[in-house]
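K.L.:
First the structure, which I've put down as structure tokens, then a few questions once you've had a look.
The values are calculated or read from the model by the stated rules, or taken from the named source; none is laboratory data. Keep in mind that what you see is a predicted model, and the values were worked out from it rather than measured. Quick reminder, even Gly has a Cβ in these numbers, built from the backbone with ideal geometry, and neighbours come from all protein chains shown.
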Amino acid sequence: MKFWEIFRFEFRYQLRHVSTWLLFAVFLLFGFVVLRIVTLADNTYLNAPSTIAFFTVFGSAIWVMISGVVAGDAATRDRQTRMHPLTYTTPLSKLSYLGARFLAALALNASMLLMLYAGFLLSFYGPGAKTQYIGAFRLGSYLTNFCFLALPTVIAATAVQFSAAALSGRAIAGYIASIAIIIFSQFGGTTVRYMLGWKVLGSLMDLLGTSVVAEMEGWTPIDKNTRLIVLEGTWLWNRLVWFCISIGALTYTYFRFRLAHIISKSGLSGLFTRRSDAVRSASPSASAPCLTACNATSATEVPGIRGSFVPSTYVRQVLAVAGASFRSVAMSRGGLTLIAALAIGTGLFAAEYMEFYGVPLLARTQEVLRGLTPPLSSYQTQWIIIPLLTILYAGELVWREREAGLHELTDTTPVPEWVMFLGKFTGLALVVTTWVAFLLVAGIINQLVMDYYHFEIGVYLKALFGIQLTDYLLFALLVLVIHVLVNQKYLGHMVAFCVYGFILFSSRLGVEHNMLVYGSDTGWAYSDMAGFGPLIKPWLSFKLYWAAWAFLLGVVATLFWVRSKEGGFSTRFHLAQHRFPKHKVTLPIAMALVLVSVGFIFYNTNILNNYTSTADRMGMRAEYERRYGQYENIPQPALVSTKLQVEIYPDDHAAAIQGRYQLVNRSKAPIDSIHLSTIPHLGISGITFDRAASPVVLDDHLGYRIYTLKKRLAPGDSLQMSFSVQIKPRGFSNEGVDASIVANGSYIESDWMPVIGYNGDRRLREARDRERYGLAPRQARPSLDDMAARYDARHAEHMDFEAVIGTSKGQVAVAPGVLRRTWTKGGRRYFHYATDAPILNEYAFFSANYAVREAQWVPQPSRTKLIQVPERTAKPVTIQIFYHPAHDTNIERMVKSAQASLDYYTREFGAYPYSHFRVLERPGPGRGMHAAPMTIDYQEGYSLMNPKPAGLDLPYHIMAHEVAHQWWGFYLSPAAVEGSGLLVESLATYAAMQVVEETLGYEHLLLYLSQMREEYEVPRSRAAPPLLRANNRFMNYRKGPFALFALRHYIGKDKVNNALRGLLRDYTPSPPLPTTLDLYQELQTQTPDSLHYLLRDLFEQNTFWELETEQVTAKQTKAGSWEVTLDVQARKVVVDSAGTETLIPLDDWVEIGVYATTAEGEALEKTLYLQKHRLKSAKQRITVTVPYEPARAGIDPNHLLIDLNMTDNMEEVKVAR
Amino acid sequence: MKLEIKNISKTYPNGIQALKDVTLSIPNGMYGLLGPNGAGKSTLMRILATLQEPDKGSIHLGELDIVRQKEEVRQTLGYLPQEFGLYPRASAEELLDHFAVLKGITNRASRKEVVAGLLRQTNLWDKRKQRLGGYSGGMRQRFGVAVALLGNPKLLIVDEPTAGLDPAERVRFLNLLSELGERSVVILSTHIVEDVSELCTNMAIINKGEILLEAQPLQAMAALKGRIWRKLIERNTLPYLEQVHQVISTKLLSGRTMVHIYSEEVPGKGFEPVEPDLEDVYFSTMAGYYSAHTEQEVAL
């Protein structure tokens, strides 16, 4: 009865709070809006169980963040209101008191998530619903998600929040507990799961269900639409663990909590408390009263010093308030220690995440900084804790005096409001500055742990204290103002969290202009080569703009600062009016600053530059297709020669390009007009032809031009076109400044130049995008069976290339071709390049202060004479590596890899056509390389790889892969249809694997493969097209090479290479271009009929093997040899693109291997037996005889066949004595 | 210097009118504001302490307009609220020093001097290093006085300072206050009559937001002379007595009831005249038998 009364009273009391209803409204609205604006992957429904699960997890994350007040309030209201002497002395048991309060909080919290579901339903079935994306109603979708995802989360989080609050006696502990949960469960969980690789522990730590959502990535569309979340496996354990944590927390609270007067705190409860307590009205341990009639006052004369109120007094007061504020945060337990601990942890665990596919990275400051300086709008970082704590402590500081009950004392002191505001802000700023100093410590520890001793303190100071601190301070000011204006602590927190949420998700809400998202900017990056680059100017402009806003907000907060009993709106407005005369100068100044900076930014982003949102750009692409798509297949002349005069001005971030194209009509009909696609709004001018032509369409907005030729271009005839392109930033746009041309490390791609004809690459590819913008459905990539597409050979056409590049005096400029001449003129350096063999129309210019490593490679006689080799290439090839002088770690292995690759590929695939092979570094964090004809470029991130002596040499492999593109991609350009990635990327990877095997050894190759197989562990849907229609990264870079590697073990290396050579032999750049079908045919020719089934499984259909060794026994024969018996299980499944699985009978050759224990000093196990056996579906027993005692044995030990579960292939051998 | 309060009214958003057209003139020295709980004392005090806005009326301290020139007023204001908390982890010396800066005493040496002086004066010197969390009610109250006295205020507002103090602490506290009246305007609000009678040279009685009486205690007591009578009765005869006489107060005495009545004539059998004390003034005023008006009559 009492229990019920307490529950009822609590529930109804909280329903009286505005904040409770606001929370309800927030979740209803979130549920409704988010499912209206979300765009899902194709073929999944909005009300699919997986979608609901995703947004349940998302919603619970928000819930954990903003609703700590409910449990906090329920647990502590009596003490906060100091009513506890009344309630604690009533005859009620601790169990019913705590239990009922907890259950009331739980009921309220659960209701909030029910509101989320109400929002979902409203979104699905309310007015304006997108019915075409809504499947049949299914109660189970809602029930399972609510009961297995949302409810357990709510129970556990409420229990932890309630316990923290009850034990510390402060409602705010509920919030701190929420933040702790998020940090522990989300960032801790993901770190443990992905960075440290402890999957089970990481999954158990995950309270919200992000691991479940991550697993769903691996679901097929059918799964996503139908499969319900169920309690099984790790997830069952997860829910049990969190249930136990809840029970544990509540039990602990039950035993620790006392219905008694609270004197001092200790133990766990103190963890969430500030060290300073709230008001204590009664005297806990008063000194003994003085009963003698002693005089309370002594005769001391107090000097009658009056305060002086001069400007310096206010400065002193600001510092006093700041110091007191800083101390109050610094002395609270979480104030500095949380960030300090996180910083130290981040530094110490550096080795766990500063790696790339198992290769350690150099802890260069530029790389370390990337982890330490996430933008404010990033939520995928552990440093999200800084804004969260800022919100929390801003609230604490604003409410400090009022919560301690001495606000009437401070409010009547002669301290102006602006001093109070500025003092508190300065105090908060000091706290934030200390946190940022911890970031610096984290960086230094990180570098020490990684044995990197080049500490660039100057760069740290600029990036952390110049840039990052500015962002945090702007944010701190905003939340401080919010707390002042809202003037209700929990409401203030909610508003601040919502505003922060807006900053985090503004782009998803469609708000993209940086002027509209508080504190945002155009981004920045630091690179060793380019420094802070041209992006720093727009960054600074935006920060000045936001500083002006911050100043205005500060003035407004000062006007509305509450320092009286009444917080009513009219009183505050009235007071603000009274105070206004004192701010009649600052307020207009602040407004003027805002106006001026608004004008300045707007002038730059919207007038000097064309402001376009993502939707605008999609719209432009759609419009481009709608208007000019009709010209997609009209005959256009081929580009046979490009001559360019390029002037690069690194310090001005500008370039001027004069170009001349030679165009030849290779079609059979005369051509009457020239079509050009250009970058929209790029300064392109001076387009002239060497014959009379008149413009018909000049569309600079969409970037399309048509010129009609007076005299038609006859077949075989040619014409010249001249143009000039100006690259010069006009102020800055909403994206900042194009960083192609920087002080050091300029990189100008051929994309800047006009393209002949309609540019199909601009097409919208996603089906839903096309639908939204009113375009007819079209496959993302032409079908493999599309014969017409094989005749689109524009990308395979070769041209001659010549360029003269001028750059500033100290720099080296590079373009494709042989360097003919360099000279200096007018204080600038010029370089003249010309190709000695034609290249594809894909090139780039580089200019930087490079160091150069040069090496020669002398060709061996080629085994095949497939490629038409110009005579000169019989001479040695000059290998040149242009690199940033400090980034020299990998240069030698790059040279070796390039030499070995050229060696192997010329021997196996044919001659290398050029006399030069160049590799260039450019600014940026990317770890990969990018190949163009005779030129490879890489971002600075590649140079960070620092392979261990016996470890995987990934830079070597990447280099070999890119060299292979000179054959696979540039010599042979496949038709742009499904599966082209197989011919380019898979073949390059497979070729590079051969180089690695030949030079670094087979063991090293296995190391590489096992690293590549880790990608299997990323959840991925089994639903996929067959390899011949490969359409994604995974298929191109993993499945394709694996399939070729498997095939090589069945038919032999030479046979596979024969097939590849066959492909090259038959290739010409004139259409029809080859497809994967041609490769397949070559492979079929090389493969004996008995293994054609394997080709089919690997390439023609999406096959998965499920191979498992159940047990292995061995016994010694009388002869001394060992008889090994394996019980194995084998199945084969074909999965189609929609996810339908079909079991097909298995009658395959599969390797069976038996291994002895690893001998001392040997990396690989000693192979006792490795033979292919013909296996059937189902369980079977295999017996083999080996000469020595076996240790491990199993089926498909080298993982040749695609089996997602690789752990059950091998078993320990049980020896029967 | 004089504090002039003219026609102050204040109504809370919930409709309760806390002050109705209050006008007072408060000279230098101790001024007592006497009234029952809920009479509007604290509202008036907070308005004087710049923490609340009156709806109507004006308040001037000498030349200063308290409603509009809050900041200037605060430079010369000392305020001891009825209820306040302290940072329990701070020591008295630390916190007082902090307040000294807030009160504009920025010179380190003079601040030290003032803080030490005030701690001595409020007898907290020996406990200056002790954390405020361990202070007794009286010590906290004295600490509050020390804060209020910082910066040598010309206007000192003390709201219900003796509530909750034990008798010894109360004596000590009043002694402390009595010294202050010599220098500035000190307004003491209380519902305890003795506080006023012991300390104040001027006083006002307030009830339901209205000033019922503005007087000097001694004069007011003199004016009542011969009009207060008392009688010891059985409790059950009280209703009858109330019908016949103007009862101003009743008090239990050894299980019987001592009744004070107001009567300008001899009330009859069993009543004996009483030398009126301030309590009689207070109760007569509250009961409506004595007012500024009657006082004037007497003065005439």
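K.L.:
Hey, could you check the range A:220-259 for residues that are outside any helix (DSSP H, G or I) and either surrounded by 14 or more Cβ atoms within 10 Å (Cβ to Cβ) or outside the structural domain of A:THR76 (by TED's automatic domain parsing) (or both) and say which is farthest from the chain's Cα centre (by Cα)?
P.N.:
If we take residues in the range A:220-259 being outside any helix (DSSP H, G or I) and either surrounded by 14 or more Cβ atoms within 10 Å (Cβ to Cβ) or outside the structural domain of A:THR76 (by TED's automatic domain parsing) (or both), then A:LEU259 is farthest from the chain's Cα centre (by Cα).
K.L.:
Which residue out of A:ARG1022, A:ARG918, A:ARG922 is more than 19 Å from A:TYR357 (Cβ to Cβ), surrounded by fewer than 20 Cβ atoms within 10 Å (Cβ to Cβ) and of a type in the set (D, E, K, R)?
P.N.:
On the way: A:ARG918 fails: surrounded by fewer than 20 Cβ atoms within 10 Å (Cβ to Cβ); A:ARG922 fails: surrounded by fewer than 20 Cβ atoms within 10 Å (Cβ to Cβ).
That would be A:ARG1022, the only listed residue that is more than 19 Å from A:TYR357 (Cβ to Cβ), surrounded by fewer than 20 Cβ atoms within 10 Å (Cβ to Cβ) and of a type in the set (D, E, K, R).
K.L.:
Filter the range B:33-53 down to the residues that are facing another protein chain (nearest Cβ under 9 Å) and not acidic (Asp, Glu), then identify the one that is farthest from A:VAL562 (Cα to Cα). Give the derivation first.
P.N.:
Start the filter on the range B:33-53 by keeping residues that are facing another protein chain (nearest Cβ under 9 Å), which leaves B:43, B:46, B:49-53.
Going one step further and asking which of them are not acidic (Asp, Glu), we end up with B:43, B:46, B:49-52.
Details: B:THR43: 17, B:ARG46: 14, B:ALA49: 15, B:THR50: 12, B:LEU51: 10, B:GLN52: 11 Å.
By that ranking, first place goes to B:THR43.
K.L.:
Cβ contacts < 7 Å: first residue more than 7 Å from chain B (Cβ to nearest Cβ), restricted to the range A:304-320; second residue assigned to a helix (DSSP H, G or I) and of a type outside the set (Gly, Ala, Ser), any location; separation 6+ or different chain. Result?
P.N.:
That search, which allows pairs on different chains as well, returns A:TYR314/A:VAL419; A:VAL318/A:VAL419; A:VAL318/A:LEU422; A:VAL318/A:THR426.
K.L.:
Can you say whether A:ALA110 is more than 17 Å from A:PHE58 (Cα to Cα) and either in a helix (DSSP H, G or I) or in the same structural domain as A:ILE245 (by TED's automatic domain parsing) (or both), as far as the supplied structure shows?
P.N.:
Numbers: more than 17 Å from A:PHE58 (Cα to Cα): no; either in a helix (DSSP H, G or I) or in the same structural domain as A:ILE245 (by TED's automatic domain parsing) (or both): yes.
Criteria not met by A:ALA110.
K.L.:
Being assigned to a helix (DSSP H, G or I) and among the basic types (Lys, Arg) is the filter here, so list the residues in the range A:902-935 that pass it.
P.N.:
Our first condition is that a residue be assigned to a helix (DSSP H, G or I); within the range A:902-935, this holds for A:902-909.
Once the filter is applied, which keeps residues that are assigned to a helix (DSSP H, G or I) and among the basic types (Lys, Arg), the range A:902-935 yields only A:ARG907.
K.L.:
At pLDDT below 80, at the interface with another protein chain (Cβ under 7 Å from one of its Cβ atoms) and within 21 Å of A:PRO85 (Cβ to Cβ), is that true of A:ARG280? Working first, answer last.
P.N.:
Numbers: at pLDDT below 80: yes; at the interface with another protein chain (Cβ under 7 Å from one of its Cβ atoms): yes; within 21 Å of A:PRO85 (Cβ to Cβ): yes.
Considered against the rule, which asks whether it is at pLDDT below 80, at the interface with another protein chain (Cβ under 7 Å from one of its Cβ atoms) and within 21 Å of A:PRO85 (Cβ to Cβ), A:ARG280 comes out as yes.
K.L.:
Say we look at the range B:54-68 and pick out the residues that are out of contact with any strand residue (DSSP E or B) (no Cβ under 7 Å at 6 or more places or on another chain) and not charged (D, E, K, R); which of these is nearest to the other protein chains (Cβ to nearest Cβ)?
P.N.:
Here the answer is B:LEU64.
K.L.:
Please determine, by comparing only the residues of the range B:18-42 that are polar (S, T, N, Q) and modelled with pLDDT of 90 or more, which one is nearest to A:THR413 (Cα to Cα).
P.N.:
Quick first cut of the range B:18-42, residues polar (S, T, N, Q) only: B:23, B:25, B:28, B:37, B:42.
Going one step further and asking which of them are modelled with pLDDT of 90 or more, we end up with B:23, B:25.
On the way: B:THR23: 26, B:SER25: 24 Å.
Within the range B:18-42, the match that is nearest to A:THR413 (Cα to Cα) is B:SER25.
K.L.:
Please find, among A:SER264, A:SER298, A:SER269, the residue that is within 14 Å of chain B (Cβ to nearest Cβ), at pLDDT below 85 and within 25 Å of A:ALA165 (Cβ to Cβ). Even if it seems obvious, please write down each step before you answer.
P.N.:
Values: A:SER298 fails: within 25 Å of A:ALA165 (Cβ to Cβ); A:SER269 fails: within 14 Å of chain B (Cβ to nearest Cβ).
Testing whether each residue is within 14 Å of chain B (Cβ to nearest Cβ), at pLDDT below 85 and within 25 Å of A:ALA165 (Cβ to Cβ) leaves just A:SER264.
K.L.:
Within the range A:750-790, count every residue that is under 17 Å from A:THR39 (Cα atoms) and aromatic (Phe, Trp, Tyr).
P.N.:
Counting residues in the range A:750-790 that are under 17 Å from A:THR39 (Cα atoms) and aromatic (Phe, Trp, Tyr) gives 1.
K.L.:
A follow-up question, please. Hey, could you check the range B:151-169 for residues that are among the aliphatic types (A, V, I, L, M) and more than 8 Å from chain A (Cβ to nearest Cβ) and say which is nearest to the chain's Cα centre (by Cα)? Before you say what the answer is, go through the steps one by one.
P.N.:
From the range B:151-169, those among the aliphatic types (A, V, I, L, M) are B:155-158, B:163, B:165, B:168; that's our starting set.
Now restrict to residues that are more than 8 Å from chain A (Cβ to nearest Cβ): B:155-158, B:163, B:165.
Values: B:LEU155: 14, B:LEU156: 11, B:ILE157: 9, B:VAL158: 7, B:ALA163: 11, B:LEU165: 15 Å.
Across the range B:151-169, the extreme among qualifying residues is B:VAL158.
K.L.:
Report whether or not A:THR253 is at pLDDT 85 or above and within 24 Å of A:SER178 (Cβ to Cβ).
P.N.:
Values: at pLDDT 85 or above: yes; within 24 Å of A:SER178 (Cβ to Cβ): yes.
So A:THR253 passes the test.
K.L.:
May I ask you to list the residues in the range A:993-1023 that are assigned to a helix (DSSP H, G or I) and within 28 Å of the chain's Cα centre (by Cα)? Quick ask: steps written out before the conclusion?
P.N.:
First pass over the range A:993-1023, keeping only residues assigned to a helix (DSSP H, G or I): A:993-1000, A:1002-1017.
Those that are assigned to a helix (DSSP H, G or I) and within 28 Å of the chain's Cα centre (by Cα): A:LEU1007, A:TYR1008, A:LEU1009, A:SER1010, A:GLN1011, A:MET1012, A:ARG1013, A:GLU1014, A:GLU1015, A:TYR1016, A:GLU1017.
K.L.:
Also, quick follow-up: Among (1) part of a helix (DSSP H, G or I); (2) facing chain B (nearest Cβ under 10 Å); (3) among the polar types (S, T, N, Q), which single condition is A:THR413 missing?
P.N.:
Here A:THR413 meets the rest and fails (1).
K.L.:
Filter the range B:91-145 down to the residues that are assigned to a helix (DSSP H, G or I), more than 9 Å from every other protein chain (Cβ to nearest Cβ) and over 21 Å from B:LEU176 (Cβ atoms) and list them by number.
P.N.:
Matches in the range B:91-145: B:GLU94, B:ARG108, B:ALA109, B:LYS112.
K.L.:
I've got another one for you. Out of all the residues in the range A:559-573, is one or more surrounded by fewer than 16 Cβ atoms within 10 Å (Cβ to Cβ), touching a residue at least 60 places away in the same chain (Cβ under 8 Å) and of a type outside the set (Ser, Thr, Tyr)? Quick ask: steps written out before the conclusion?
P.N.:
Step one: list which residues in the range A:559-573 are surrounded by fewer than 16 Cβ atoms within 10 Å (Cβ to Cβ), which gives A:567-570, A:573.
Next, from what is left, pick out any that are touching a residue at least 60 places away in the same chain (Cβ under 8 Å): A:567.
From the residues that got through so far, the ones that are of a type outside the set (Ser, Thr, Tyr) too are A:567.
Checking the range A:559-573: at least one residue is surrounded by fewer than 16 Cβ atoms within 10 Å (Cβ to Cβ), touching a residue at least 60 places away in the same chain (Cβ under 8 Å) and of a type outside the set (Ser, Thr, Tyr).
K.L.:
Another question, if that's okay. Report yes if A:ILE183 is at pLDDT below 90, among the β-branched types (Val, Ile, Thr), in a helix (DSSP H, G or I) and within 24 Å of A:LEU240 (Cα to Cα), otherwise no. Full working, then the answer.
P.N.:
Details: at pLDDT below 90: yes; among the β-branched types (Val, Ile, Thr): yes; in a helix (DSSP H, G or I): yes; within 24 Å of A:LEU240 (Cα to Cα): yes.
Yes: the conditions hold for A:ILE183.
K.L.:
Just to verify a result, which residue in the range B:69-85, among those that are within 7 Å of another protein chain (Cβ to nearest Cβ) and either in contact with a Phe, Trp or Tyr (Cβ under 7 Å, 6 or more places away or on another chain) or in a helix (DSSP H, G or I) (or both), is modelled with the lowest pLDDT?
P.N.:
Only one residue tops the list, namely B:GLU71.
K.L.:
Let me ask another. Just checking, how many residues over the range B:10-25 are buried (at least 22 other Cβ atoms within 10 Å of the Cβ) and either away from every other protein chain (no Cβ under 14 Å) or within 18 Å of the chain's Cα centre (by Cα) (or both)? Please lay out each step first, then the result.
P.N.:
Initial filter on the range B:10-25 (buried (at least 22 other Cβ atoms within 10 Å of the Cβ)): B:10, B:18-19, B:22.
Adding the requirement that they be either away from every other protein chain (no Cβ under 14 Å) or within 18 Å of the chain's Cα centre (by Cα) (or both) leaves B:18-19, B:22.
Summing the residues that are buried (at least 22 other Cβ atoms within 10 Å of the Cβ) and either away from every other protein chain (no Cβ under 14 Å) or within 18 Å of the chain's Cα centre (by Cα) (or both) in the range B:10-25 gives 3.
K.L.:
Is there a residue in the range B:23-39 that is in the same structural domain as B:ILE187 (by TED's automatic domain parsing), in a loop (DSSP other than H, G, I, E, B) and β-branched (Val, Ile, Thr)?
P.N.:
Start the filter on the range B:23-39 by keeping residues that are in the same structural domain as B:ILE187 (by TED's automatic domain parsing), which leaves B:23-39.
Pick out the ones that are also in a loop (DSSP other than H, G, I, E, B) and you get B:27-28, B:35-39.
Applying the additional criterion that residues be β-branched (Val, Ile, Thr) yields none.
No: zero hits.
Let's see how each residue does on (1) of a type in the set (S, T, N, Q); (2) assigned to a helix (DSSP H, G or I):
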residue: A:ARG1061; (1), (2): no, yes
residue: A:THR1068; (1), (2): yes, no
residue: A:PRO1071; (1), (2): no, no
residue: A:LEU1098; (1), (2): no, yes
residue: A:PHE1104; (1), (2): no, no
residue: A:GLU1123; (1), (2): no, no
residue: A:LEU1126; (1), (2): no, no
residue: A:ALA1130; (1), (2): no, no
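K.L.:
For the range B:170-185, which positions are facing chain A (nearest Cβ under 9 Å), at pLDDT 80 or above and in contact with a Leu (Cβ under 8 Å, 6 or more places away or on another chain)?
P.N.:
The answer is B:LEU174, and nothing else.
K.L.:
So is A:PHE532 farther than 27 Å from A:ALA576 by Cβ and without any contact (Cβ under 8 Å) to a residue 60 or more places away in the chain or not? Can you show your working first?
P.N.:
Values: farther than 27 Å from A:ALA576 by Cβ: yes; without any contact (Cβ under 8 Å) to a residue 60 or more places away in the chain: no.
It is false that A:PHE532 is farther than 27 Å from A:ALA576 by Cβ and without any contact (Cβ under 8 Å) to a residue 60 or more places away in the chain.
K.L.:
Inside the range A:958-992, can you point out the residues that are acidic (Asp, Glu) and in a helix (DSSP H, G or I)? Give the steps one after another, and end with the answer.
P.N.:
Of the residues in the range A:958-992, the ones acidic (Asp, Glu) are A:962, A:978, A:985.
Matches in the range A:958-992: A:GLU962, A:GLU985.
K.L.:
Also, quick follow-up: With respect to A:ALA165, is the statement that it is assigned to a helix (DSSP H, G or I) and within 30 Å of A:HIS84 (Cα to Cα) true? Break it down stepwise before answering.
P.N.:
Numbers: assigned to a helix (DSSP H, G or I): yes; within 30 Å of A:HIS84 (Cα to Cα): yes.
Here the answer is yes, as A:ALA165 does meet what is asked.
K.L.:
Also, I was wondering about something else. Within the range A:630-640, does at least one residue satisfy the condition of being within 14 Å of chain B (Cβ to nearest Cβ) and not hydroxyl-bearing (Ser, Thr, Tyr)? If you could, list the steps in order and put the result at the bottom.
P.N.:
Kept after step one, since they are within 14 Å of chain B (Cβ to nearest Cβ), are these residues of the range A:630-640: none.
No, because not a single residue in the range A:630-640 is within 14 Å of chain B (Cβ to nearest Cβ) and not hydroxyl-bearing (Ser, Thr, Tyr).
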